[in-house]
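Worksheet: the structure to be examined is printed underneath.
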Amino acid sequence: MPHCCLARIVYSATIALILAAAVAAWPGACAEAQISLGFESVAAGLSSPLGVVNAGDGSRRLFILEQTGRIRVLDGTQLRPTSFLDVSALISCCGERGLLGLAFHPAYATNGIFFVHYTNTSGDTTIARYRVSADPNVADATSAQIVLSVAQPFANHNGGQLAFGPDGFLYIGLGDGGDAGDPGNRAQNLGTLLGKILRIDVDGAAPYAIPASNPFRTTPGALPEVWAYGLRNPWRFSFDRQTGDLFIADVGQGAREEVNFQTAASAGGQNYGWRRMEGTACFNPSTACNDGTLTLPILEYDHSLGCSITGGYRYRGGRFPQFVGRYFYGDFCSGRIWTGVQSGSTWSGTQLIDTALSITSFGEDEEGELYVVHYGSGSNGTVQRVVDTNQAFLLTVSRAGAGTGTVSGPAGINCGSACSATFGAGAVVTLTATPAAGSVFAGWSGGGCSGTGSCVVTVTAATTVTATFSVPTFTLAIARTGTGSGTIISVPAGIGCPVTCAAPFTPGARVTLAAQADPGSIFSGWSGGGCSGTSSCVVTLNAATTVTATFTFQGFVLTVTTQGPGTVLSTPAGIGCGPNATCPAVFSPGTAVTLTAVAAAGATFSGWSGACAGTTACTVTMSAARAVTATFTTTFGGTFTDDPLVPRVTLVKVVHVTELRLAIDRERTRRSLTAFAWTDPVLTPGSALRAVHMSEMRTALAQAYQAAARTAPTYTDPVISAGQTFVRAAHIAELRAAVGVLGQ
Ligand SMILES: [Ca+2]
């Protein structure tokens, strides 16, 4: 260890005075090389926070004391808006008064009992016992029982700490009663509870019993609650959660701040010196103060480095191996944070950081991670987690898969909300995955983890661990059977067989299957999955399920396609295929099907293709699926149907328009005009004739007249309007005449 660091704090009584004098000569920039303190925000916006405590009940919650009387709950993701307990009406505040301490009973998880330490409205110390309500985040305010009241002669030096020792007894820190210099010499007086650490048995009697092993239980003139004495204001003390050793930080008078220590094996009764000594220096008397009965501090600093010590904890957490075994403490006035390290029977303190925090307390969570409480000014106090940013790495939890769930780990990892945190090199991190309802945890990847148990990562680099959550599924499979073929689709979507004949569905899903036989087949019915018959099959998936669809072959498909205005008919019947259509029909194997093509008026049959050829009737023998195309073409042969056409007698027919169009097209072609884009270019028998058909023919013909430098003809109903002008035989007759004139 660098020499400058050794000088930081004091460790042994005999050299203490020399080194304490020397401390001021060394500026506080000698942090240990291995540790660089950092902070992770945990809670903010607190009203004069004084402490952070865990309940030891496995809930991982942190309980934050506000001096003004509230206990707040930090539940891992949020600072709950509702107080756990609010004693603001019972207390005097603030200065050194208010709600000062909180300790949960070691059996809190089962008995719900906890204790608070506050200054009552008369300014006296009160230790009170409470119980949680049926709501784990709210205490039962009516359960209050006063355990101990101690009159306070002055407003300051009220102590405040409460903690259960490893022996199950409640330890209480009380200051010397206040003023300055302990004018009543109370800390050295065993007949008062002031200036002491008390030890009581809250389970042995109501409101408490005196433990049989208390050191002054039978001492005449002594109060039996006293465990240790000679303390000025033991604001914060703590037990080492691993060894049970006790650290008592005692706030000094005008010169020295100190940490006192006793092992778990101590029988108690120590005199920690005040007011005879302040730290390792004589105070009153100013010389010859120590007759050898006093227990001197293990760590000390003078007022060049601070003015009011805040005792912390010996780190036993898992995130930062470099912290392990170090006792952390700080100073309210200077914001400095030190660690004390034990070597044999001596301790050395090293400043790790000089912050702007007003450090009122440290705290531990259930896993032993360390927190620092910043008093703030009014309502901006904070709680932050203490981390090591040197030789530290980010561990990130990633969640993947179609399912959902959470991953919990040490403080800082609660994913959901917090999915990454820094860990010191060598930290061993255990991650646990919990699937949400309806999901399953499918396993780990990354960080050397696999399988579905806990993931244990030893952090040696930045690491990402992925937890995959999946949604359990059952497979619905479709089997097709029988001599025929067809398709099956599902609602909800998933099955589209024969392409996709098996698909996963969530348990309990109701899947409706519909079968459609291919041409030439019929659907003969369902089996499996509780389905039968030929209507829709509804399967409720409570397990992997196979449904069978049977299709039966009926015959081969003959597909006739017509191109152009004409019709194809079959013998035997089955095909009756109009213009520009595709018409499948099924015929029994071996059937000879004769197809006949019938051109529409104004058109001619141009011939077969596919399974037929030529222009005469075609016979197809159905030994397989066949396809035939019949092509019809329209030409104008020079004569019109129904000629002469008699207005008011002859009905206007589609063929009349088709013939006129062909005749007009011919005249346009002769004059190098482009083809006219007719509306409804293919009119078939039965098509409705519309005004636009007539007006288009007039327009197309007028263009041909213009190209021929001829005067355009005039017509009955010069304007033919849709919805207003009936299509009349006269219109047709006039157009025929006009075409005839142009063709001469
Ligand atoms: Ca002392």
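Among residues of segment 267-279 that are closer than 10 Å to Arg232 by Cα and more than 6 Å from the ligand (Cβ to nearest atom), those with a Cβ under 9 angstrom from a residue that is at pLDDT 95 or above and of a type in the set (Lys, Arg), sequence gap 6+ or separate chain, pair up as Arg275/Arg186; Arg275/Arg232; Glu278/Arg232; Glu278/Arg256.
Residues in segment 253-266 that are touching a residue at least 12 places away in the same chain (Cβ under 8 Å) and more than 8 Å from the ligand (Cβ to nearest atom): Gln253, Gly254, Ala255, Arg256, Glu257, Val259, Phe261, Gln262, Thr263, Ala264, Ser266.
Among residues of segment 226-238 that are over 15 Å from Ser308 (Cβ atoms), those with a beta-carbon under 7 Å from a residue that is of a type in the set (S, T, N, Q) and within 13 Å of the ligand (Cβ to nearest atom) at least six positions away or on a different chain give the pairs Ala228/Gln270; Tyr229/Gln188; Tyr229/Asn271; Gly230/Gln188; Gly230/Asn271. A single member of Arg670, Arg648, Arg661 is loosely packed, with under 14 Cβ neighbours inside 10 Å, assigned by TED's automatic domain parsing to the domain that holds Ala737 and of a type in the set (Lys, Arg), and it is Arg670. Please indicate, with yes or no, whether at least one residue in segment 696-710 is under 19 Å from Asn580 (Cβ atoms) and at pLDDT 90 or above. No, that holds for no residue. In segment 31-86, the qualifying residues are those that are of a type in the set (Asp, Glu) and over 18 Å from Ile359 (Cβ atoms), and the one that is surrounded by the fewest Cβ atoms within 10 Å (Cβ to Cβ) is Asp75. Here segment 132-147 is the region considered, the condition is being of a type in the set (Gly, Ala, Ser) and under 35 Å from the mean Cα position of the chain (by Cα), and the residue that is farthest from Arg70 (Cα to Cα) is Ala134.
Here's the yes/no breakdown for (1) outside the structural domain of Ile197 (by TED's automatic domain parsing); (2) at pLDDT 95 or above:
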{"residue": "Leu46", "(1), (2)": "yes, yes"}
{"residue": "Leu50", "(1), (2)": "yes, yes"}
{"residue": "Gly76", "(1), (2)": "no, no"}
{"residue": "Arg80", "(1), (2)": "no, yes"}
{"residue": "Ala103", "(1), (2)": "no, yes"}
{"residue": "Ala128", "(1), (2)": "no, yes"}
{"residue": "Thr142", "(1), (2)": "no, yes"}
{"residue": "Gln145", "(1), (2)": "no, yes"}
{"residue": "Leu148", "(1), (2)": "no, yes"}
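Among the residues of this structure, Thr552 counts as one that is surrounded by fewer than 20 Cβ atoms within 10 Å (Cβ to Cβ), in contact with a Ser or Thr (Cβ under 7 Å, 6 or more places away or on another chain) and modelled with pLDDT of 95 or more.
Taken over segment 472-515, residues that are among the β-branched types (Val, Ile, Thr), assigned to a strand (DSSP E or B) and touching a strand residue (DSSP E or B) at 6+ places or on another chain (Cβ under 8 Å) amount to 9. Of the residues that make up segment 455-471, is at least one assigned to a loop (DSSP other than H, G, I, E, B) and either free of Cβ contacts under 8 Å to residues at least 40 places away in the same chain or among the basic types (Lys, Arg) (or both)? No, that holds for no residue.
Which residues, counting only those in segment 559-571, are of a type outside the set (Ser, Thr, Tyr) and either at pLDDT 95 or above or assigned by TED's automatic domain parsing to the domain that holds Val682 (or both)?
Within segment 559-571, Val560, Val568, Leu569 qualify.
The set of residues in segment 368-414 being of a type in the set (Asp, Glu) and at pLDDT 95 or above consists of Glu369 alone.
Pairing residues of segment 41-68 that are of a type in the set (Phe, Trp, Tyr) with residues that are surrounded by 22 or more Cβ atoms within 10 Å (Cβ to Cβ) and not in a strand (DSSP E or B), at Cβ distances under 9 Å and at least 6 apart in sequence or on separate chains, gives Phe63/Ala55; Phe63/Phe84.
Among the residues making up segment 139-152, a single one is crowded, with 17+ Cβ neighbours inside 10 Å and either acidic (Asp, Glu) or over 14 Å from Asn120 (Cβ atoms) (or both): Ala139.
Inspect segment 499-506 for any residue being farther than 30 Å from Thr596 by Cβ, modelled with pLDDT under 95 and either acidic (Asp, Glu) or surrounded by fewer than 18 Cβ atoms within 10 Å (Cβ to Cβ) (or both) and give the result as yes or no. Yes, that holds for at least one residue. Within segment 375-390, track down each residue that is farther than 15 Å from Phe362 by Cα and either of a type in the set (Lys, Arg) or crowded, with 20+ Cβ neighbours inside 10 Å (or both). Passing the criteria: only Asp388. Scanning segment 128-165 for residues that are among the hydroxyl-bearing types (Ser, Thr, Tyr) and outside any loop (DSSP other than H, G, I, E, B) yields Tyr130, Thr142, Ser143, Ser149.
Picking from residues in segment 181-202 that are hydrophobic (A, V, I, L, M, F, W, C) and either in contact with a His (Cβ under 7 Å, 6 or more places away or on another chain) or part of a loop (DSSP other than H, G, I, E, B) (or both), the one that is farthest from Asn271 (Cα to Cα) is Val202. Within segment 201-242, being within 23 Å of Asn189 (Cβ to Cβ), crowded, with 17+ Cβ neighbours inside 10 Å, away from the ligand (no atom under 16 Å from the Cβ) and of a type in the set (Val, Ile, Thr) holds for one residue alone: Ile210.
The values are calculated or read from the model by the stated rules, or taken from the named source; none is laboratory data. Source: prediction; values computed, not measured. FYI the Cβ positions are ideal-geometry reconstructions off the backbone, even for glycines, and counts take in every protein chain you see.
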